[in-house]
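> After the structure tokens below, expect a handful of questions from me.
The values are calculated or read from the model by the stated rules, or taken from the named source; none is laboratory data. The shown structure was predicted, so the numbers you read here are calculated from the model rather than taken from an experiment. Heads up, the Cβs are rebuilt from the backbone with ideal geometry, glycines too, and the neighbour counts pull from every protein chain shown. Just the protein is used for accessible areas: all its heavy atoms, side chains included, with ligands, DNA and RNA removed. Shrake-Rupley method; radii C 1.70, N 1.55, O 1.52, S 1.80 Å.
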Amino acid sequence: MHLVADGATPIPRLALVEDLETDDGYAFELTGPLFLAVGDRIGFDGDVLVVVRAGGERVTPEGNWSTRCGLRAGRRR
């Protein structure tokens, strides 16, 4: 599922994510799975993932940045 992490675009449906991969080969790997509800918004404040829940609560899940090797044409996690 393609998620827009601009901090403004709401998540269109319930999602369970383990990592967020960028188009340039990096990934933010969460320390545990994260449920995103309809209406949640995700973005990055520097290197920190920020989730703004539909009700306005701000959550900063823990995780680490890594690089992804190899080409996976047409496939996203």
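> Would you say Gly32 is at positive phi, without any contact (Cβ under 8 Å) to a residue 60 or more places away in the chain and open to solvent by 20 Å² or more (accessible area, probe 1.4 Å)? Break it down into steps so the answer makes sense when it comes.
Details: at positive phi: no; without any contact (Cβ under 8 Å) to a residue 60 or more places away in the chain: yes; open to solvent by 20 Å² or more (accessible area, probe 1.4 Å): yes.
No.
> Looking only at residues in segment 35-69 that are within 13 Å of Leu3 (Cα to Cα) and outside any strand (DSSP E or B), which one is least open to solvent (accessible area, probe 1.4 Å)?
Only one residue fits best here, namely Asp40.
> Considering only segment 14-29, state which residues are under 11 Å from the mean Cα position of the chain (by Cα), surrounded by 10 or more Cβ atoms within 10 Å (Cβ to Cβ), assigned to a strand (DSSP E or B) and not small (Gly, Ala, Ser). Break it down stepwise before answering.
Here is the first cut: in segment 14-29, the ones under 11 Å from the mean Cα position of the chain (by Cα) are 15-22, 27-29.
Subset that is surrounded by 10 or more Cβ atoms within 10 Å (Cβ to Cβ): 15, 17-22, 27-29.
This time we only want the ones that are assigned to a strand (DSSP E or B), so: 15, 17-21, 27-29.
Hits for segment 14-29 are Val17, Glu18, Asp19, Leu20, Glu21, Phe28, Glu29.
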